[in-house]
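Step one of this worksheet: look at the structure below.
Since every read-out is calculated from the coordinates, none of them should be taken as a lab result. Note that the coordinates shown come from a computational prediction; the quantities given were computed from them, not determined experimentally. Heads up, the Cβs are rebuilt from the backbone with ideal geometry, glycines too, and the neighbour counts pull from every protein chain shown.
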């Protein structure tokens, strides 16, 4: 005996014949069935139990099916569409009108669905031999926060929070044994096995070399730039040739440059003083690549990972709520990690939503495609 029913809109991906998307409109009927033994079986939509920090429900009792929800995630996160533009697209191409609140609910629900995958990504980051880290500003309801990214060869993980060392400590365990590539932000200094991005140093040195300040800025900038360019050439050559200890080979020029940094560390020119102190504060870390030439010279991996989301930030001006911020970071992590592994994120996100709506565990993220 039927007691209630629900219509679900979803998409079917057609791979044979004329490939494309087919819109389906299915009526799901729930009620009671009397067994021959006299037992009454009740059917009802699947539901995920309540979880801390999430207000959005995760249930099969939803107008939007998993694949359609995954398409909405794609239109929002990957194609940078606003809620209203997504609404317009779905109405124009599928004849489906969804309210902006329903679209927003789909995004939050998808974020909650993939939340358990974050632990898998964090564990893989902690096992990586080399991790790239960077951060940029992010707004949540007008409050300035920071969007952090941590990249390994197979994982890209985004976190949003304050600009403090607590973010890094919460992610990287005390026994993290890999190399950490970063810029000069002081919160990274707690990790001694670290590599500094030379691109930042070259940019600052060139700025000083081209400065109109001839007493301090120009001579120090020219000296720093000349040394960095010479050492970069040596590192590239060392990668192609037999093993060589560049740190010992260039010990004298490094000692002379360190003395120059000591000379300019109290220079009245602010940017000259800042760069001299930056070299001194991270001296061993900056030149660690001379001992291990296979290590990267720049933090381009993390900067490229942030670039798409910086454009998103400029368009949407950030997120509005704590839950929206959490959903955004989780979905960005899954999307970028899938891309890095050579797999499409959209079928995976649809499958995660399907299983989590039933109250099942989230499927683990697939390994790198062969």
The simple spin-label model distance between residue 14 and residue 358, using points 7 Å out along Cα→Cβ, in nm, is 2.6 nm
How would the stretch 182-310 be classified by its alpha-carbon gyration tensor: rounded, prolate or oblate, with rounded meaning a/c under 1.5 and the a/b versus b/c comparison settling the rest? oblate
Between the stretch 127-152 and the stretch 301-370, how many Å separate their Cα centres? 14 Å
Distance from the Cα centre of the stretch 1-79 to that of the stretch 182-231, in angstrom? 56 Å
Kindly identify the stretch 120-203 as rounded, prolate or oblate by the Cα gyration tensor criterion: order the square roots of the eigenvalues as a ≥ b ≥ c, call it rounded if a/c is under 1.5, otherwise compare a/b with b/c, prolate if a/b is larger, else oblate. oblate
Cα-based helix-to-principal-axis angle, 345-357 vs the chain, degrees rounded to 10: 50 degrees
Relative packing of 302-315, 164-177, which averages over residues the other C-beta atoms within 10 Å, highest first: 302-315, 164-177
Report, in degrees rounded to the nearest 10, the 0 to 90 angle that the Cα long axis of helix 100-114 makes with the longest principal axis of the chain. 70 degrees
Answer label, with semi-axes √(5λ) of the Cα gyration tensor in Å calculated from the coordinates and candidates (1) 38, 25, 22; (2) 77, 26, 17; (3) 52, 21, 18: (3)
How many percent of DSSP beta bridges within the chain run antiparallel, rounded to 5? 80 percent
Where does the chain land at 222 nm, in deg cm²/dmol rounded to the nearest 500, when only DSSP H runs of n ≥ 4 count, each adding -39500 (n - 2.57), divided by all residues? -14500 deg cm²/dmol
If you fit an axis through the alpha-carbon atoms of helix 270-281 and take the longest principal axis of the Cα set of the chain, what angle between them do you get, 0 to 90°, nearest 10? 80 degrees
